[in-house]
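Heads up, the thing below is written out as structure tokens.
The values are calculated or read from the model by the stated rules, or taken from the named source; none is laboratory data. Source: prediction; values computed, not measured. Every residue, glycine as well, gets a Cβ built from its backbone with ideal geometry; the counts of neighbours run over all protein chains shown.
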2 protein chains.
Amino acid sequence: MRYSKLLGKSLRQPPKEAEAISHKLLAKGGFIDQLAAGIYTFLPLGWRVHKKIENIIREELDKIGAQEFSMSVLQPKSLWLETGRWTSIDPPLFTTKDRHDKEYALGPTHEEVITDLARRVVKSYKDLPFSAYQIQDKFRNELRSTGGLLRTREFFMKDLYSFHADKKDFDQFFKKVLEAYTKIFDRVGLKTLVSQASGGTIGGDVTYEFQVPAAVGEDLVFFCKSCGYAINKELLEERGITDKCPECRAKLDQTNAIEAGQVFSLGTKYSKDMDANFIDETGKQQPIIMGCYGIGIGRLMATIAEVSYDDKGIIWPENVAPFSIHLVPIGSNKKVTEKTEEVYEKLIKNGEEVLFDDRGESPGVKLADADLIGVPIRYVVSEKTLEKDSVEVKKRSEKTSKLVKISQI
Amino acid sequence: MRYSKLLGKSLRQPPKEAEAISHKLLAKGGFIDQLAAGIYTFLPLGWRVHKKIENIIREELDKIGAQEFSMSVLQPKSLWLETGRWTSIDPPLFTTKDRHDKEYALGPTHEEVITDLARRVVKSYKDLPFSAYQIQDKFRNELRSTGGLLRTREFFMKDLYSFHADKKDFDQFFKKVLEAYTKIFDRVGLKTLVSQASGGTIGGDVTYEFQVPAAVGEDLVFFCKSCGYAINKELLEERGITDKCPECRAKLDQTNAIEAGQVFSLGTKYSKDMDANFIDETGKQQPIIMGCYGIGIGRLMATIAEVSYDDKGIIWPENVAPFSIHLVPIGSNKKVTEKTEEVYEKLIKNGEEVLFDDRGESPGVKLADADLIGVPIRYVVSEKTLEKDSVEVKKRSEKTSKLVKISQI
């Protein structure tokens, strides 16, 4: 990709309302563009990162047998009345009306819709278990929406739902999801605390949050360095836990953290509200046991930026970087231009995803943009490197560079 | 994929409101599930087809240099007031309000949003041309929504927008898009008439519709078998064309057709309404010249079903089929079961996408479901085929089958 052609280039200054590091860097780097409070356009650079995260999630969920599908944004009010969440959910729903005055929620989550589907397709224990997920646009009518992608009013979420005949089967699947989540966060370069939490308006008895320690995080998490136990502030207080780990009695530490994913054991909450039942092996009607599991993709992207940056810009982990190599020619003499084109062709032929800064900007501007955008590896071609028939190769995460012969690329 | 585990299996009967062939077959086959009038869940089978179509579109648009990105569903009313379309667009907008009583459209299209982006990022002719597309959820407040996926109130659309400094550059790109569209429709197995049409509430001087002849189609298209000229009914009447081809004077034929894609030459309609200008090479301010280009993915999927089916079900073209092979064991004796598992493993190892009907249903039910779902190739394993250490291989589109040795799979 030639940077000159890219829609959404770097800005000289971040938007003045931006406070969070990730908001500043993602906006300044040309990853996102704010359309309204809490509503963003993902520019091509940002969308590349988004899609890489999506695909990592898909791979890990496909491995545990979850099926991808897609539910709608518009959800009939009638379903939300069945669970009582039309008015109780927090933050409240965005709603709309059709030309027959029928009301719809703009889905912030899909328990109602999928439970309605399940009660129609599940007849007996033979139809269970199953699990299905979507990566789909969600809406939350937040009163205030600051922090860039950390708290938005519209965002893509991976939401996974699972349906089971008994608790044992649910527990097995729940464990698989925890393992899949651990792999997902690991692959996108995040270290998480798996923190016990309360269910909020999603509900359920057991929930875990995957919390990423970060100063900007709105959650307060207490964790045990010794055994790995973690719990969020609300539940800690509810349970009357003091500063000792309830598992191993070591002292609990605390940290601000960003909730990057959450898993809920819903039990029969939704299946009872909505009569989603099945006939068990003895011929008896039973409510289906459910779980739901969410990861907000945009927030995850911002979280990565919050924990992987320096004073110059973002440092993308390789697996989610928008490009693998940022190619920067220094100087505009003919030989530099020609050789850079040659290197560009070679790298593409090698299967690399290359961002080629072909603009007529100064070396300072181009190198600063390379650091800001944060592609993992930078290739610089200059008269000096060409004296040795080489390019200068530098990792974004390291200070030192080395010369690599063009013939060896 | 084991069919027993699939979310959304075949129905014995199509929904009673279904009239269009594609609606009946997609619902009965377990591809889609209606949530409300004109609002559907794509079940895993249907979503697989959807994603294959998406990826074909991506490949062809990436080849012409268009950049993928993603704009939001929620669009501020203020932008729609600038173009006057807040009230004029037909069908009307779905709208919603936030907690500060600020109004938003649920985007049916994104000219306003991307023109707003363009006027902020484009300064001079050096920032042009560029083109960007998204595959994104759209909303149309249709009064009536029948016909399954042919006319919905929520649907994924590929919308591409292009921005140019002059008409010549626009014309070149427009031609590239026409070629890309031709390739896309060809790859998904559709023959189209490229029909001249009027712009409707999207606007612009020249528009072409990619029309697929089909009895269920709501459009009436006049076309010339001799030279390929085609024009829709409204424009034909507007231009006072009778039954003679204006290009070659041959007699025009007419057909009902489904509009599967549309391309618009927008000129400066939006850039003038919204002050999206650039400084040209002489230092003069000029409005940006624009084009927009849409394909509704769900409608395309339904269109394929409308033209590729028989009395037993859908016949998916290979490139968009949910699976490449439908594997059906006949009989439940141990050898059949074991050998089918062996074949299943082999096919997966060969990189095939296999739908394995592992249910305990009768041969009649399983074979009927295979025809209904319409996977291009069916493999049957039975005691009879195993007598010859073989499977029976049959194309969905053909009557005859042949035996293939399991050792040769």
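Assorted remarks:
- Among (1) more than 7 Å from chain A (Cβ to nearest Cβ); (2) modelled with pLDDT of 95 or more, the one test that B:P15 misses: (2)
- Hey, B:S382 touching a Gly at 6+ places or on another chain (Cβ under 9 Å), of a type outside the set (A, V, I, L, M, F, W, C), more than 26 Å from A:G65 (Cβ to Cβ) and buried (at least 19 other Cβ atoms within 10 Å of the Cβ) or not: yes
- Sole exception among (1) under 30 Å from A:K384 (Cβ atoms); (2) surrounded by fewer than 24 Cβ atoms within 10 Å (Cβ to Cβ); (3) touching a Pro at 6+ places or on another chain (Cβ under 6 Å) for A:A321, by number: (2)
- Complete set of residues in region B:340-351 that are surrounded by 14 or more Cβ atoms within 10 Å (Cβ to Cβ) and either under 16 Å from B:E392 (Cβ atoms) or in contact with an Asp or Glu (Cβ under 7 Å, 6 or more places away or on another chain) (or both): B:T340, B:V343, B:Y344, B:K346, B:L347
- Scan of region B:143-153 for residues that are surrounded by fewer than 23 Cβ atoms within 10 Å (Cβ to Cβ) and either facing chain A (nearest Cβ under 8 Å) or of a type in the set (A, V, I, L, M, F, W, C) (or both), ordered by number: B:L143
- Region B:18-53: number of residues that are within 11 Å of another protein chain (Cβ to nearest Cβ) and under 14 Å from the mean Cα position of the chain (by Cα): 6
- Here is the figure for region B:21-46: residues that are part of a loop (DSSP other than H, G, I, E, B) and in contact with a Ser or Thr (Cβ under 8 Å, 6 or more places away or on another chain) total 4.
- Which numbered condition B:L93 fails, given (1) facing chain A (nearest Cβ under 7 Å); (2) buried (at least 21 other Cβ atoms within 10 Å of the Cβ); (3) on the phi < 0 side of the Ramachandran plot; (4) free of Cβ contacts under 8 Å to residues at least 60 places away in the same chain: (1)
- If only residues of region B:96-134 that are among the charged types (D, E, K, R) and at the interface with chain A (Cβ under 9 Å from one of its Cβ atoms) are counted, the one that is farthest from A:L35 (Cα to Cα) is B:K126.
- Residue match in region A:325-339 (condition: part of a strand (DSSP E or B), free of Cβ contacts under 8 Å to residues at least 24 places away in the same chain and surrounded by fewer than 19 Cβ atoms within 10 Å (Cβ to Cβ)): no
- If only residues of region B:154-171 that are more than 30 Å from A:D98 (Cα to Cα) and hydrophobic (A, V, I, L, M, F, W, C) are counted, the one that is nearest to the other protein chains (Cβ to nearest Cβ) is B:F163.
- B:E112 being of a type in the set (D, E) and without any contact (Cβ under 8 Å) to a residue 60 or more places away in the chain: no
Quick grid of which residues meet (1) among the hydroxyl-bearing types (S, T, Y); (2) assigned by TED's automatic domain parsing to the domain that holds B:V194; (3) under 21 Å from B:H23 (Cβ atoms):
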{"residue": "B:V212", "(1), (2), (3)": "no, yes, yes"}
{"residue": "B:A230", "(1), (2), (3)": "no, yes, no"}
{"residue": "B:T268", "(1), (2), (3)": "yes, yes, no"}
{"residue": "B:P287", "(1), (2), (3)": "no, yes, no"}
{"residue": "B:G294", "(1), (2), (3)": "no, yes, no"}
{"residue": "B:A302", "(1), (2), (3)": "no, yes, yes"}
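- Residue within region A:378-387 that is closer than 22 Å to A:G46 by Cβ and either among the aromatic types (F, W, Y) or outside the structural domain of A:E259 (by TED's automatic domain parsing) (or both) present: yes
- Contacts under 9 angstrom Cβ, first residue in region A:182-194 being of a type in the set (D, E), partner in a helix (DSSP H, G or I) and modelled with pLDDT of 95 or more, 6 or more apart: none
- Candidates A:G331, A:G364, filtered to the one that is of a type outside the set (K, R) and modelled with pLDDT under 95: A:G331
- Taking the conditions (1) more than 10 Å from every other protein chain (Cβ to nearest Cβ); (2) of a type in the set (F, W, Y); (3) under 22 Å from B:I32 (Cβ atoms) in turn, A:F69 satisfies each one other than (1).
- Between A:D101, A:D62, the distinction of being on the phi > 0 side of the Ramachandran plot and free of Cβ contacts under 8 Å to residues at least 40 places away in the same chain belongs to A:D101 only.
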